[in-house]
Amino acid sequence: MDIHEYQGKEILASYGVKIQRGYVASNPQEAVAAAKQLTADTGTGWHVIKAQVHAGGRGKGGGVKLAKNLEQVEEIAGQIIGMQLITPQTSAEGKTVHQVLIAEDVYYPGESEPKEYYMSVLLDRAKGQNVIIYTTEGGMDIEEVAEHSPEKLHREWVDPKIGFQGFQARKIAFNLGLTGKAEKEMEKFVTALYKAYEETDSAMFEINPVLKTSDDRIIAVDAKVDLDDNALFRHKDLAEMRDVREENPIEVDP
Ligand code: ADP
Ligand code: MG
């Protein structure tokens, strides 16, 4: 079962994964209230308005936009809510946007350049082990990386008998070229991400991009989470995240 970005981030945050914070809104007035609250929480004046639909590639389709003041928040939220969002991952008709996430701008300038990575956790069926797939080539389509620069894709398998180990977290941070504070933050990030994936019995967690901010924090800017349908009976709270509006009407069980 797919869930929305904001729901995936709620799960991540509950496991201690740092996220780009935000509030969900269903109309422009709620969007402005959310932006005000977010400014009070974070101190940032710029906000990113993100369409909440079960499809990736929203940025490319015009479903992710930066607002530099409250007027722009209201205007952009008004444009995105209710639109048919067409992305490389939707059908030709696109998907109707019912909600937006008003998220903090985390690409602020500072000591170092912000940098985007890619990271996902899923089951490698052939090996019968979970695998963490990651690359320095974040923010873009992972299929493109796999096709054009496969040497940049790293995989770290987890032995189910011993679980995810500290040396694996260190190896991942090292392969991503991180040092100092960012390295330590990445180790914490991947450890918490793996725990979230495992304890929710998920089918996939994909974080693209994982962002290193200009002050060397590591945070999930996006979250694509696929919960395992067969395990949802064990997770009533997660089962409630279902959004039937996103499902093909003929596939929805009555
Ligand atoms: P999707 O994968 O559906 O396109 P993302 O959440 O990954 O949606 O956002 C798409 C892109 O938008 C990101 O790769 C990032 O470069 C950009 N983006 C997201 N949040 C911000 C932000 N706060 N400031 C600037 N750019 C952002
Ligand atoms: Mg993304």
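Whether any residue in the range 57-68 is touching a residue at least 24 places away in the same chain (Cβ under 8 Å) and over 23 Å from Val225 (Cβ atoms) is what I want to check.
Yes, that holds for at least one residue.
I'd like to know if the range 90-113 contains one or more residues that are open to solvent by 50 Å² or more (accessible area, probe 1.4 Å), in a loop (DSSP other than H, G, I, E, B) and within 16 Å of ligand 2 (Cβ to nearest atom).
Yes, some residue in the range 90-113 is open to solvent by 50 Å² or more (accessible area, probe 1.4 Å), in a loop (DSSP other than H, G, I, E, B) and within 16 Å of ligand 2 (Cβ to nearest atom).
Scan the range 114-134 residue by residue and report those that are without any contact (Cβ under 8 Å) to a residue 24 or more places away in the chain and within 16 Å of ligand 2 (Cβ to nearest atom).
Of everything in the range 114-134, just one residue is without any contact (Cβ under 8 Å) to a residue 24 or more places away in the chain and within 16 Å of ligand 2 (Cβ to nearest atom), namely Ile133.
Which of (1) in contact with a Gly (Cβ under 8 Å, 6 or more places away or on another chain); (2) at pLDDT 95 or above; (3) surrounded by fewer than 15 Cβ atoms within 10 Å (Cβ to Cβ) is the odd one out, the single condition Gly82 does not satisfy?
(1)
Is it true that Glu143 is surrounded by fewer than 11 Cβ atoms within 10 Å (Cβ to Cβ), part of a loop (DSSP other than H, G, I, E, B) and at pLDDT below 95?
Numbers: surrounded by fewer than 11 Cβ atoms within 10 Å (Cβ to Cβ): yes; part of a loop (DSSP other than H, G, I, E, B): no; at pLDDT below 95: yes.
Against the criterion (surrounded by fewer than 11 Cβ atoms within 10 Å (Cβ to Cβ), part of a loop (DSSP other than H, G, I, E, B) and at pLDDT below 95), Glu143 does not qualify.
State all residues of the range 53-70 that are closer than 10 Å to Lys95 by Cβ and more than 11 Å from ligand 2 (Cβ to nearest atom); if no residue qualifies, say none. Please lay out each step first, then the result.
So the first thing to find is which residues in the range 53-70 are closer than 10 Å to Lys95 by Cβ, and the list is 53-55, 58, 61, 63.
Correct list: Val53, His54, Gly61.
With respect to the numbered conditions (1) more than 16 Å from ligand 1 (Cβ to nearest atom); (2) closer than 24 Å to His98 by Cβ; (3) touching a residue at least 40 places away in the same chain (Cβ under 8 Å), which one is the sole condition not fulfilled by Met204?
Result: Met204 passes all but (1).
With the requirement that a residue be buried (at least 20 other Cβ atoms within 10 Å of the Cβ) and assigned to a loop (DSSP other than H, G, I, E, B), what does the range 58-75 give you?
Within the range 58-75, Arg58, Gly61, Gly63 meet the criteria.
Is it the case that some residue within the range 146-168 is of a type in the set (S, T, N, Q), within 21 Å of the chain's Cα centre (by Cα) and not in a strand (DSSP E or B)?
Step one: of the range 146-168, the residues of a type in the set (S, T, N, Q) are 149, 165, 168.
With within 21 Å of the chain's Cα centre (by Cα) added as a condition, the list becomes none.
The answer is no, given that none of the residues of the range 146-168 is of a type in the set (S, T, N, Q), within 21 Å of the chain's Cα centre (by Cα) and not in a strand (DSSP E or B).
Those residues that are among the aliphatic types (A, V, I, L, M), in a helix (DSSP H, G or I) and open to solvent by less than 30 Å² (accessible area, probe 1.4 Å), I need them from the range 1-57; list them, please. Don't jump to the end; show me each part of the working.
In the first step, residues of the range 1-57 are kept if they are among the aliphatic types (A, V, I, L, M); the result is 1, 3, 11-13, 17, 19, 24-25, 31-35, 38, 40, 48-49, 51, 53, 55.
Subset that is in a helix (DSSP H, G or I): 11-13, 31-35, 38, 40.
Scanning the range 1-57 gives Ile11, Leu12, Ala31, Val32, Ala34, Ala35, Leu38.
If you check every pair at least six apart or on different chains, which have Cβ atoms under 7 Å apart with a residue in the range 220-236 that is open to solvent by 30 Å² or more (accessible area, probe 1.4 Å) first and a residue that is in a strand (DSSP E or B) and within 16 Å of ligand 2 (Cβ to nearest atom) second?
Asp222/Ile207; Asp222/Asn208; Asp222/Pro209; Lys224/Glu206; Asp226/Asp2; Asp226/Met204
Quick one: is Ala13 modelled with pLDDT of 95 or more and away from ligand 2 (no atom under 16 Å from the Cβ)?
Considered against the rule, which asks whether it is modelled with pLDDT of 95 or more and away from ligand 2 (no atom under 16 Å from the Cβ), Ala13 comes out as yes.
The values are calculated or read from the model by the stated rules, or taken from the named source; none is laboratory data. Worth saying up front: this structure is predicted, and the values here are computed from it rather than measured. Positions of Cβ are generated from backbone atoms using ideal geometry, with glycine treated the same way; all protein chains shown enter the neighbour counts. For accessibility, only protein heavy atoms count, side chains too; no ligands or nucleic acids. Shrake-Rupley method; radii C 1.70, N 1.55, O 1.52, S 1.80 Å.
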